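Have a look at the structure below, then the notes.
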Amino acid sequence: MKITVIGSWGAYPGPGEATSAYLLEEGETKILLDCGSGVVSLLQKDHDLASIDAVVLSHYHHDHIADIGILQYSRVVDMNLDRTDQPLHIYAHQDDEQAFQQLGKKPYAEAFAYNDEEPLIIGPFTFSFHKTTHPAPCYGMKVQSPDDKLIVYTADTTYDETFIPFLQNADLLISECSFYEKQDAAPYGHMNSKEAATLAEKGQVKQLILSHLPHFGTHEQLVKEAAGYYTGCIHLAKVGLTVTLN
Ligand SMILES: [Zn+2]
Ligand SMILES: [Zn+2]
């Protein structure tokens, strides 16, 4: 499976860029993890919007769902122009029933609920979910490929050791990293570089992508700080960064 960073910013996108979104691919299947601000514009540079099979949303904060309505509109256009006959499938949690009900636009898009009790098969992947500690209900997700590679995405979370068994031995961890080491991220419901790296180290994951990046400081500093606590390979999220696992 292959994963490509589409949006790497927290809160709001940097100029010409996007907030949280990662494109997961295996064969012909394309699934977007989160769909933040600026994503639909950037996605089209390398992908036909009609080729996106599904979106899995971690939570309903704007920096993770800002473009979901717009992506649904693109499917209305694409289906009416016979570019595809496949509705967009949107997977999300139902802890916020009102927000969930606003997803979907039949027959162009259809919403499905996930939970953290049972795995969910989406195309060739098996997804499982872990509720995070965050001001809004939010779920981290683990994706297993047909050849048993594992990607874990923390979504938004405070440092929480209950995450460690969930991400244990992942081939890749995409971790939020909203603050620098010396800053206390917990009051904001987020993690700093040390906490992201500590999760990766304790979970013995093979590679780490630092993402959901802050609008202050120098991002390379986040990598330097994380390297003090995690011994594996560290990537800084940037639009177009791709990691292939096979
Ligand atoms: Zn966020
Ligand atoms: Zn959030």
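The values are calculated or read from the model by the stated rules, or taken from the named source; none is laboratory data. Here the structure is a predicted model, which is why all the values come from computation and not from measurement. In this analysis, Cβ positions are derived from the backbone assuming ideal geometry, glycine residues included, and neighbour counts consider all displayed protein chains. Remember, those area values only see protein heavy atoms, side chains included, never the ligands or the DNA or RNA. Shrake-Rupley method; radii C 1.70, N 1.55, O 1.52, S 1.80 Å.
Confirm whether Lys131 is open to solvent by 20 Å² or more (accessible area, probe 1.4 Å) and within 16 Å of ligand 2 (Cβ to nearest atom). Considered against the rule, which asks whether it is open to solvent by 20 Å² or more (accessible area, probe 1.4 Å) and within 16 Å of ligand 2 (Cβ to nearest atom), Lys131 comes out as yes.
Yes or no: Leu88 surrounded by 20 or more Cβ atoms within 10 Å (Cβ to Cβ) and at pLDDT 95 or above? Spelling it out, Leu88 is indeed surrounded by 20 or more Cβ atoms within 10 Å (Cβ to Cβ) and at pLDDT 95 or above. Does Lys224 qualify as being among the charged types (D, E, K, R), over 24 Å from Asp46 (Cβ atoms) and outside any helix (DSSP H, G or I)? So Lys224 fails the test. Just to be sure before I move on: is Asp95 within 16 Å of ligand 2 (Cβ to nearest atom), more than 16 Å from Ala21 (Cα to Cα) and open to solvent by 30 Å² or more (accessible area, probe 1.4 Å) in the structure I sent? Yes: the conditions hold for Asp95. Residues considered: Ser193, Ser175. Of these, the only one that is within 19 Å of Lys131 (Cα to Cα), polar (S, T, N, Q) and crowded, with 24+ Cβ neighbours inside 10 Å is Ser175. The residue that is most open to solvent (accessible area, probe 1.4 Å), among those in segment 30-51 that are touching a His at 6+ places or on another chain (Cβ under 8 Å) and small (Gly, Ala, Ser), is Ser37.
Sub-8 Å Cβ pairs linking a first residue in segment 50-74 that is under 9 Å from Gly36 (Cβ atoms) to a second residue that is assigned to a helix (DSSP H, G or I) and among the aliphatic types (A, V, I, L, M), at least 6 apart or interchain, are Ala66/Val39; Asp67/Val39; Asp67/Val40, ordered by first then second residue.
When you scan segment 31-45, do you find a residue that is among the charged types (D, E, K, R) and within 14 Å of ligand 1 (Cβ to nearest atom), even just one? Yes; the residues of segment 31-45 include at least one that is among the charged types (D, E, K, R) and within 14 Å of ligand 1 (Cβ to nearest atom). Within segment 199-227, being open to solvent by 30 Å² or more (accessible area, probe 1.4 Å) and free of Cβ contacts under 8 Å to residues at least 40 places away in the same chain holds for Glu201, Gln204, Lys206, Gln207, Phe216, Gly217, Thr218, His219, Glu220, Val223, Lys224, Ala227. Segment 20-127 holds helices (runs of 4 or more DSSP H) entirely within its bounds, and those carrying 1 or more residues that are touching a Ser or Thr at 6+ places or on another chain (Cβ under 8 Å) map to 39-43, 62-65, 68-80.
When Asp147 is tested against (1) away from ligand 1 (no atom under 14 Å from the Cβ); (2) without any contact (Cβ under 8 Å) to a residue 60 or more places away in the chain; (3) open to solvent by 40 Å² or more (accessible area, probe 1.4 Å), only condition (2) is not met. Considering Leu222, Leu173, the condition of being within 16 Å of the chain's Cα centre (by Cα), of a type in the set (A, V, I, L, M) and under 24 Å from Val239 (Cβ atoms) is satisfied by Leu173 alone. Put simply, of Glu110, Glu161, Glu117 the only residue that is within 23 Å of Leu71 (Cα to Cα) and among the acidic types (Asp, Glu) is Glu110.
If you go through segment 1-19 and keep only what is in a loop (DSSP other than H, G, I, E, B), among the aliphatic types (A, V, I, L, M) and more than 14 Å from ligand 2 (Cβ to nearest atom), you end up with Met1, Ala18.
Go through Gly27, Gly7 for me and flag whichever is surrounded by fewer than 19 Cβ atoms within 10 Å (Cβ to Cβ), under 19 Å from Leu88 (Cβ atoms), in contact (Cβ under 8 Å) with a residue 60 or more places away in the chain and of a type outside the set (D, E, K, R).
Of Gly27, Gly7, the one residue that is surrounded by fewer than 19 Cβ atoms within 10 Å (Cβ to Cβ), under 19 Å from Leu88 (Cβ atoms), in contact (Cβ under 8 Å) with a residue 60 or more places away in the chain and of a type outside the set (D, E, K, R) is Gly27.
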